[in-house]
Amino acid sequence: MSLGSGHFRAMNLGELFDAAFSLYRRNFVLIAAISAIVQVPYAVLAFALYQAANYAGLQDQLQNAQQSLSNPVQPLTQEQLQPILNALGPILLISGVLALVSIFLVLPLAEAATTRAVSDRYLDRPASIGSSYRAALGRLGPLVLQSLILALGIAVILAAAVALTVALAAALGGAGVALILVVWLAVAALIIVVYVRTSLAAPAIVLERLSGWRGLVRSWNLVTGLFWRLLGIRLLLGLITGIISAIVVFILSFAGVGLDNNGRFILQEVASAFAAVFVSPITYIAVTLLYYDARIRKEGFDIEMLAQTL
């Protein structure tokens, strides 16, 4: 995909996915290497932390505790709950640490670097791992700020929903169940709207060098009038990448039949790393193309680019 090929224009659904997979196929080594630079060390870190905490042993403890607590006749005692709490504590702690590292470091860098590389190749410019990560590191702060703003916004929405649920339950009792259901359906719809309307923020932050807040506003404005199109594409994209990831996990899980908990855990980590390196970039590529598609549809960006080549 380049200016010279005549494809720099608004694309329908088929053209968009064809462009995304063509870009991935033609630049496979570059894009996979960009992803592997952050995803592989993250996978190694996760594996090391879980191994240090004896994750397989903790799983055995949980399974034994669940079996001993199946169909309890008496209410659970502190002695019965303690093994579960002892096993869950380290798992939740390590999972929380890894989630923070992923959300605020690994994913922003992978998405930003891939966005830069895809944009350069889409505009028929040279791209490299070094230039992609220089751009990504330069925009890491705004990307993290964007994530913090979104996380805070979602937390406020959920907190308000919980408070309203408690108030309705106290005031109406069982009669308020239907109203509480409506509240949570509205919350789910609101979160989906926010997710779709801000889904182009990362490309805007990286490619237009905007701040975290301005990137969110920019995405919100770009998606205006294109909400249902982007929602449908993101759902289809999630379905495609989900199926590919599920196939990888199934194959490796089948290979792990007969292994102990530790062996299955290692295969799970390998499957997760494989999906992160080779499947996740598909989403980043498609979102970058959606960003340009939105600009073409709303701002005549194709005409602007053509004028620069004359």
Legend entry - Cβ charges +1 (Lys, Arg) and -1 (Asp, Glu), total dipole of region 158-262, debye: 460
Inset, instruction - Could you run the Debye sum over the Cα atoms of region 168-212, one equal point scatterer each and no solvent, and tell me log10 of I(q)/I(0) at q = 0.29 Å⁻¹, two decimals? - result: -0.92
Legend entry - Protection proxy ranking, peptides 180-187, 264-271, average beta carbon neighbours within 10 Å, highest first: 264-271, 180-187
Legend entry - Cβ crowding within 10 Å averaged over residues, with 278-289, 190-201 ranked highest first: 278-289, 190-201
Legend entry - Which of Phe17, Phe104 is most accessible, then next, and so on - probe 1.4 Å: Phe104, Phe17
Inset, instruction - Starting from the Cα of Val182, step 7 Å toward the Cβ, then list every residue of region 148-176 with an amide N under 19 Å from that point. - result: 160-176
Legend entry - Relative intensity, log₁₀ I(q)/I(0), of region 98-142 from a Debye sum that treats every alpha carbon as a point, q = 0.15, 0.16, 0.17, 0.34 Å⁻¹: -0.36, -0.41, -0.45, -1.13
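The values are calculated or read from the model by the stated rules, or taken from the named source; none is laboratory data. This is a predicted model, so every value here is computed, not measured. Counting neighbours? That spans all protein chains shown, and the Cβs are built from the backbone with ideal geometry, glycine included. The protein model used for the area step is the full one, side chains on, heavy atoms only, and it has no ligands, DNA or RNA in it. Shrake-Rupley method; radii C 1.70, N 1.55, O 1.52, S 1.80 Å.
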